[in-house]
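Peer 1: Once you've had a glance at the structure underneath, I'll fire off some questions.
The values are calculated or read from the model by the stated rules, or taken from the named source; none is laboratory data. Predicted model only: the values in this text are computed from it and were never measured. For neighbour counting, all protein chains shown are included, and Cβ atoms are generated from backbone atoms with ideal geometry for every residue, glycine included.
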Amino acid sequence: MILSGFVALGVAWWTQHQMGIMPCELCLWERWPWRVLIVLGGIALALPVRLGRWVLWACGPVLFAAEGLALCHAGVEWKWWPSPFPACHATRVVGRTLAERWASMPLVPSKPCDAATYLLPGFPVSMAVMGGVFALVVFAVWFFGMIKTRKTNIF
């Protein structure tokens, strides 16, 4: 769990800080389950095996949340539904004069959530979809690992 969290957050950090691609509001929300997984993995390592296993069971719902956020973001990118976050929509500029309009604009431009980010040229799979696939793979590894260790009577 710790490794998967660091991999997901590392790719997000690299994309933002090395490639200069700004995240949207949904992208920022998609990072939270991975942070929680790092914490849960650390707690599980610090506890005795039997108690750590109980903590690892909490990783399932967290991975389910990561998958849900990725699916929500992919649906927004594919224009199946609007984003649930107001920051994902175009900024609303109000005012009668030019000065009032400038004053109502945000200091930092936000990236709309329906503008997909593609990391690999010629590979039409967005980061949101890649995050969902990664969450699904981690969930499968977690699930089969939990079942396998259950058969070895560690539980």
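Peer 1: Determine if segment 28-51 includes at least one residue that is assigned to a helix (DSSP H, G or I), closer than 19 Å to F144 by Cβ, among the charged types (D, E, K, R) and touching a helix residue (DSSP H, G or I) at 6+ places or on another chain (Cβ under 9 Å).
Peer 2: Taking every residue of segment 28-51 in turn, none turns out to be assigned to a helix (DSSP H, G or I), closer than 19 Å to F144 by Cβ, among the charged types (D, E, K, R) and touching a helix residue (DSSP H, G or I) at 6+ places or on another chain (Cβ under 9 Å).
Peer 1: Now for a different question. Can you pull out the residues in segment 1-27 that are crowded, with 18+ Cβ neighbours inside 10 Å, part of a helix (DSSP H, G or I), of a type in the set (A, V, I, L, M) and modelled with pLDDT of 90 or more?
Peer 2: Hits for segment 1-27 are A8, A12.
Peer 1: For segment 64-89, which residues satisfy the criterion of being without any contact (Cβ under 8 Å) to a residue 12 or more places away in the chain and touching a Ser or Thr at 6+ places or on another chain (Cβ under 6 Å)?
Peer 2: none
Peer 1: Give just the number: which of (1) surrounded by 19 or more Cβ atoms within 10 Å (Cβ to Cβ); (2) under 21 Å from C113 (Cα atoms); (3) at pLDDT 95 or above does L37 not satisfy?
Peer 2: Tallying (1) surrounded by 19 or more Cβ atoms within 10 Å (Cβ to Cβ); (2) under 21 Å from C113 (Cα atoms); (3) at pLDDT 95 or above, L37 fails exactly one: (2).
Peer 1: So the check is Cβ under 8 Å with 6+ separation or different chains; which pairs have a first residue in segment 36-63 that's closer than 16 Å to F143 by Cβ and a second one that's among the charged types (D, E, K, R) and part of a helix (DSSP H, G or I)?
Peer 2: A44/R53
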